[in-house]
1. Filter the range 136-169 down to the residues that are at pLDDT 90 or above and hydrophobic (A, V, I, L, M, F, W, C), then identify the one that is farthest from I35 (Cα to Cα).
2. Working carefully through the options A111, A162, find the one that is under 14 Å from G19 (Cα atoms) and within 23 Å of the chain's Cα centre (by Cα).
3. In the range 49-59, what residues are surrounded by 15 or more Cβ atoms within 10 Å (Cβ to Cβ) and either of a type in the set (A, V, I, L, M, F, W, C) or in contact with a Phe, Trp or Tyr (Cβ under 6 Å, 6 or more places away or on another chain) (or both)?
4. Looking only at the range 26-50, which residues are assigned to a helix (DSSP H, G or I) and over 12 Å from L117 (Cα atoms)?
5. Looking at the structure I just gave you, is G23 at pLDDT below 95, within 15 Å of the chain's Cα centre (by Cα), not assigned by TED's automatic domain parsing to the domain that holds I80 and not aliphatic (A, V, I, L, M)?
6. When the range 63-101 is examined, which residues are found to be surrounded by 12 or more Cβ atoms within 10 Å (Cβ to Cβ) and not in a strand (DSSP E or B)?
7. L126: under 16 Å from S39 (Cα atoms) and under 19 Å from the mean Cα position of the chain (by Cα), yes or no?
Amino acid sequence: MSTQADKPTVLIVGGGLGGLMLGALLEKADITYVIFERSSYVKPLGSAIMVGPNLMALFEQMNINKEFKAIGKPTFDCIIGKDDMDVICKVDFRHTFEYTVYCNYIVGRPALYGLLLRQIPPHNFLFNKRVLKIAENESGVKISTTDKSTYDGHILVGADGAYSAVRQRMYETLRRQTT
């Protein structure tokens, strides 16, 4: 039997859907983690998102599938069109249900965000924590934030989007090491 001391501490930079999903999975696995979000509050942005059978199976394992189904709508086909509404193609998803017993769902991104956020204890989600510095050390990684706080962990995950500060800092480190 493993103890908490045997498990790593995961630092997740970015509180979007990816960071929340990882946090929810780590919560279920009883692995220590902290999510760092640079904004000061949750911004319910975005429109609809389609969730496929692979995530439905995962939601079932996480025991949130009933909550998810309450906020989503099953979708068995999809029409893909151009901006002038000309149809490019129609996709039939019924066969995925036949093979997986899960169907696709369409859900509002803010509703999905809220569902995942409810899986995270408030002390594991820190707002106003923009990461400025990342340093590797003998025991793992240390991050520094704009409010001059520092946090130690074993694993750093960059879930901070397309313009990832974590990725930029990693590239800077790699450049220094190769020159």
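The values are calculated or read from the model by the stated rules, or taken from the named source; none is laboratory data. On a predicted model such as this, the values are computed, not experimentally measured, just so you know. Every residue, glycine among them, receives a Cβ derived from its backbone with ideal geometry; neighbour counts consider all protein chains shown.
1. V141
2. On the way: A111 fails: under 14 Å from G19 (Cα atoms).
So the residue among A111, A162 that is under 14 Å from G19 (Cα atoms) and within 23 Å of the chain's Cα centre (by Cα) is A162.
3. Within the range 49-59, the first condition is being surrounded by 15 or more Cβ atoms within 10 Å (Cβ to Cβ), and the residues that meet it are 49, 51-53, 55-56, 58-59.
Those that are surrounded by 15 or more Cβ atoms within 10 Å (Cβ to Cβ) and either of a type in the set (A, V, I, L, M, F, W, C) or in contact with a Phe, Trp or Tyr (Cβ under 6 Å, 6 or more places away or on another chain) (or both): I49, V51, P53, L55, M56, L58, F59.
4. Listed by number, the residues that qualify are L26, K28.
5. The answer is no for G23.
6. Selection gives I64, N65, E67, F68, K69, I71, F76, F93, T96, F97, T100.
7. On the way: under 16 Å from S39 (Cα atoms): yes; under 19 Å from the mean Cα position of the chain (by Cα): yes.
Against the criterion (under 16 Å from S39 (Cα atoms) and under 19 Å from the mean Cα position of the chain (by Cα)), L126 qualifies.
Each row is one residue, and each column tells you yes or no for (1) within 17 Å of the chain's Cα centre (by Cα); (2) outside the structural domain of G23 (by TED's automatic domain parsing); (3) of a type in the set (F, W, Y).
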residue	(1), (2), (3)
F68	yes, yes, yes
F76	no, yes, yes
D86	no, yes, no
E98	no, yes, no
Y102	no, yes, yes
K133	no, no, no
Y151	no, no, yes
I155	yes, no, no
